[in-house]
Amino acid sequence: MSVSITPITDRERAERRARIGRAIGSVRLEGLEPTDAATSIFERYISGELTIDEMGSEIRELNAREFGPVHLSRH
């Protein structure tokens, strides 16, 4: 499968990096750390290889593979 990367500007790349930095900071406040696989997906988003929707989809797929389904109670 061939990956098509849409070029993004340096400004967009910086905004994406900042967005991911804030998200990781939030996760770290909860005492968690992103895995290497998640970080790789974030870097692909920052570089322009993935859209935000594609990144979200890949992260959800990664979480399902690594942690299994999440069940929420209905209380």
Self-check item: Segment Glu54-Asp10, length gained on full extension (0.36 nm per residue, minus Cα span)
Solution: 13.8 nm
Quiz item: Round to a whole number: what % of the accessible area of the range 31-75 belongs to carbon and sulfur, probe 1.4 Å?
Solution: 55
Practice problem: Please give, to one decimal in nm, the separation of the simple spin-label points placed at Leu62 and Glu30, each 7 Å out from Cα toward the Cβ. | Solution: 1.5
Exercise. Let me know the whole percent of all Cα-Cα pairs from the chain that are separated by more than 16 Å.
Key: 57
Quiz item: Computed FRET efficiency, Cβ-Cβ of Ser73 and Arg17, R0 30 Å: what is it to the nearest 0.05?
Solution: 0.25
Quiz item: Taking the chain as a Gaussian network, where each spring joins two C-alpha atoms under 10 Å apart, which residue of Gly21, Gly31, Gly48 fluctuates the most?
Solution: Gly31
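The values are calculated or read from the model by the stated rules, or taken from the named source; none is laboratory data. Quick caveat: nothing in here was measured; it's all calculated off a predicted structure. Virtual Cβ from ideal backbone geometry, glycine too; neighbours counted across all protein chains shown. SASA here: full protein model, heavy atoms, side chains in, ligands and nucleic acids out. Shrake-Rupley method; radii C 1.70, N 1.55, O 1.52, S 1.80 Å.
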